[in-house]
Structures are given as structure tokens and as C-alpha cells.
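The structure appears right after this line, and notes come after that.
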Amino acid sequence: MNTKEIKEIVWIGSSCEDLKTFPEMVKDEIGYALYRAQEGKKHHKSKPLKGFNGIFEIVSSYQKDSYRAVYTVKLGNKIYVLHTFKKKSKKGIKTPKIDIEFVRKRLHKAQILAQEEKNEE
């Protein structure tokens, strides 16, 4: 029997609570994409977030709305979900600046948590 290592998910800030407010179909899609990341694989709706190394964005659409989940895979052996949000900007597909700032701040927090975990080992 081949057992795969499933990485633990760490939710940063309000990312988990925010995800819970999304429509069921979106929660299912993002949840499955995160599960694929836990397996060390990439879901077809995950793409690298521009301007960052090792950070991915899941994009899910529902009734003309766009929902996003941003996570990192390069901090230790865990998946850190940095931000989940409904994209409010109607202009283009670019991630809004305010959400990029959330990602930057929460990435810093995730880096501290990963370093603390590494120091405990």
C-alpha cells in the first residue's frame, strides 16, 4: 500500500472564516485544490501569484463573481493559506492591491510561524 504524505494546512488570519462565507460550490472547488496542494500536486485552477515565489492563487468563479484563495507551499512542510476573498474589482483579472497587501502581511506572519516550528525541531 502506497501512503502519501499529506501536508498540514495552517490558516493565517481570517482566511478560514472568510472561506466559510463563500458559496458551497466555491468552497468545494477551493477545498479540493488545497487538498491537491497537500498531496504535493497542483490543481488546474491554481496558478502562481505574480510578484511572489512559491505562492499560488486559486481562482473560482460563481454567478459572475470571482473568489480567490492564496496559499504558499515553500514554507517548511505545511501549506499556509494566506488569504481568501471575493474579488470586488470589476476591472480585469488582476488581484487588487489591497488584497496583495493582505498577502504580504500574512506571508510575513507565516514565515515567522514556519521559522518558530523549525526552531522547535
Answer with a single label: of [x] 45, 37, 24; [y] 37, 35, 26; [z] 72, 30, 30, which was calculated as Cα extents along the principal axes in Å from the structure in view? [x]
Amide proton proximity set for HIS83, modelled H, under 5 Å, gap of 5+: VAL70
For the chain, what does -39500 (n - 2.57) per DSSP helix run (n ≥ 4), summed and divided by total residues, give at 222 nm, in deg cm²/dmol to the nearest 500? -12000 deg cm²/dmol
Count the net charge of all other residues whose Cβ sits under 11 Å from the Cβ of HIS44, scoring Lys and Arg as +1 and Asp and Glu as -1. +4
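What does DSSP give for the stretch 1-99 in terms of the percent of beta bridges that are antiparallel, rounded to the nearest 5?
Beta bridges within the stretch 1-99, antiparallel portion: roughly 85 percent.
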Run a plain Debye calculation on the stretch 1-63 (Cα atoms as equal point scatterers, no solvent) and give log10 I(q)/I(0) at q = 0.16, 0.25, 0.26 Å⁻¹, rounded to two decimals, same order as the q list. -0.60, -1.26, -1.31
HN-Hα couplings for the stretch 30-42 via Karplus (6.51, -1.76, 1.60; θ = phi - 60°), in whole Hz with x for Gly/Pro, come out as 5, x, 5, 5, 5, 4, 4, 5, 4, 7, x, 10, 10
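Throughout, read-outs are computed from the coordinates displayed, never taken from laboratory work. Remember, predicted model here, so these are calculated numbers, not experimental data. Note: ideal-geometry Cβ built from the backbone for every residue, glycine included; neighbour counts use all protein chains shown.
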